[in-house]
Amino acid sequence: KFMWYYFGRHIDEWILTPMKDAHVNRNHSKRRKRAQDALQRDPEIKEMMKRTAPKRARAKARAQREKAKRLRAKKKRQQMEITLNLPVDHAGGEDLPKVQLEERPRHQLISRTMIIERR
């Protein structure tokens with residue numbers, strides 16, 4: 001236990017883990033290079049890749065649009081979350097209460113003019 005605590009975990013973290021990562025990366029790049037070489041040698045596969053390129057490009061563009069859409073939705077949700085800065089009689093170590101605003105449907109929106117008319 002003593003040896004692992006003072007030496008072993010550091011050796012594992014600084015030497016063995018980077019060595020394993022480098023080995024995995026090296027094998028993966030070799031395998032990928034061999035697969036690409038095989039694809040370039042075979043004319044049938046080369047032709048098929050050319051035919052499917054537009055479809056793959058559309059799929060990639062669709063994936064990028066979906067990712068951007070998710071990021072915009074996430075940003076919008078984060079903007080709707082507000083932390084209240086009210087004086088509260090509880091311990092200072094606790095998290096402040098949060099309020100989640102909800103978007104109203106278009107027919108329930110209230111404009112400034114409507115508020116002034118009610119006064």
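Quick notes on this one:
- Any hit, segment 89-101, residues being surrounded by 10 or more Cβ atoms within 10 Å (Cβ to Cβ) and modelled with pLDDT of 80 or more: no
- Segment 1-34, residues that are of a type in the set (Gly, Ala, Ser) and either more than 29 Å from the chain's Cα centre (by Cα) or open to solvent by 100 Å² or more (accessible area, probe 1.4 Å) (or both): 8
- Some residue of segment 64-79 being in a loop (DSSP other than H, G, I, E, B) and either open to solvent by 60 Å² or more (accessible area, probe 1.4 Å) or of a type in the set (D, E, K, R) (or both): no
The values are calculated or read from the model by the stated rules, or taken from the named source; none is laboratory data. Keep in mind the model is a prediction, meaning the values are calculated, not measured. Note that we place each Cβ from the backbone using ideal geometry, even for glycine, and neighbour counts take in every protein chain shown. To get the accessible areas, we keep the full protein, side chains included, count just its heavy atoms, and leave off ligands, DNA and RNA. Shrake-Rupley method; radii C 1.70, N 1.55, O 1.52, S 1.80 Å.
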